[in-house]
Amino acid sequence: DSGVTQTPKHLITATGQRVTLRCSPRSGDLSVYWYQQSLDQGLQFLIHYYNGEERAKGNILERFSAQQFPDLHSELNLSSLELGDSALYFCASSVGPMGGNEQYFGPGTRLTVT
Amino acid sequence: AQTVTQSQPEMSVQEAETVTLSCTYDTSESDYYLFWYKQPPSRQMILVIRQEAYKQQNATENRFSVNFQKAAKSFSLKISDSQLGDAAMYFCAYRRGNRDDKIIFGKGTRLHILP
């Protein structure tokens, strides 16, 4: 158990819908990263938040957005869902902000868009 | 841009034997970290081993060791005395050092353990 929690574990929804994925980092960790794992794209970085502020963006679609709240949990919002958004979404946390800190991965949320 | 390449989509090894998974990377940075992650059928991402680029000594964790060739930008993982529980997807990964940064993953190598 990494100490990072993600809810829900599984999510099945229809095209065009909107969903919210939730991540709670390890106690004391200020950085949260979101990654998407799909069959065709592999594991890709989406976005990074540190202490409530966006720090970096990767290959994140405009239909996707995220935020980190004052209690440090983070939410990834996916809207106007398409079949291709079906993937495993991981959240990872680290102490931040200096390098060398380990990223601890949550168990992931499996999203299926039908 | 940094890239990580795993040229072996799948590999098989007999139980108790040794197997080596290959990885090459490309970066212009001098300070970075390299990792091997294991993803079993449960889909959990598990850190197997990590290597700091400034360290010449190869990292070792029990049955897992790496061969880090900095000049060649090569980072292979050796698993000794393979066990059935080692069957998983293995990802080679890179992260720039000296900062809080994203991890860049290779496409992965699926490892099968033959009883």
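Normalised Debye scattering of chain B at q = 0.15 Å⁻¹ gives log10 I(q)/I(0) of -0.60, counting only Cα atoms as equal scatterers and leaving out solvent. Database remark: amide H of B:Glu17 closer than 5 angstrom to the amide H of B:Ser82 (H placed geometrically; neighbours at sequence offset of 5 or more, or on other chains; Pro and chain starts carry no H). Among A:His48, A:His10, a tally of other beta-carbon atoms within 10 Å of each Cβ gives an order, fewest to most, of A:His10, A:His48.
Pairs with C-alpha atoms separated by more than 22 Å, drawn from the list A:Lys57/B:Lys55; B:Lys55/B:Lys78; A:Lys9/B:Lys78; A:Lys57/B:Lys107; B:Lys38/B:Lys78, are A:Lys57/B:Lys55; A:Lys9/B:Lys78.
According to the calculation over all Cα-Cα pairs in the protein assembly as shown, the P(r) per 5 Å bin from zero is 1, 7, 14, 18, 18, 17, 13, 8, 4, 1, 0 %. Of all DSSP beta bridges confined to the protein assembly as shown, the antiparallel ones make up roughly 90%.
Among the chymotrypsin sites (Phe, Trp or Tyr not before Pro) in segment B:1-72, those located in a DSSP loop and surrounded by at most 14 other Cβ atoms within 10 Å of their own Cβ are B:Tyr54.
Sparsely packed loop sites in segment B:11-115 (the GluC sites (Glu not before Pro) outside DSSP H, G, I, E and B with at most 13 other Cβ atoms within 10 Å) comprise B:Glu15, B:Glu17, B:Glu29.
Among A:Lys9, B:Lys38, what is the fewest-to-most ranking by other Cβ atoms within 10 Å?
Ascending Cβ contact count within 10 Å gives the list A:Lys9, B:Lys38.
Beta bridges per DSSP, both residues in chain A: antiparallel share near 90 percent.
Only the coordinates and a few stated rules stand behind these numbers; no lab work does. Everything numeric in this text was worked out from a predicted model, so none of it was measured. Backbone-built Cβ (ideal geometry, glycine too); neighbour counts: all protein chains shown.
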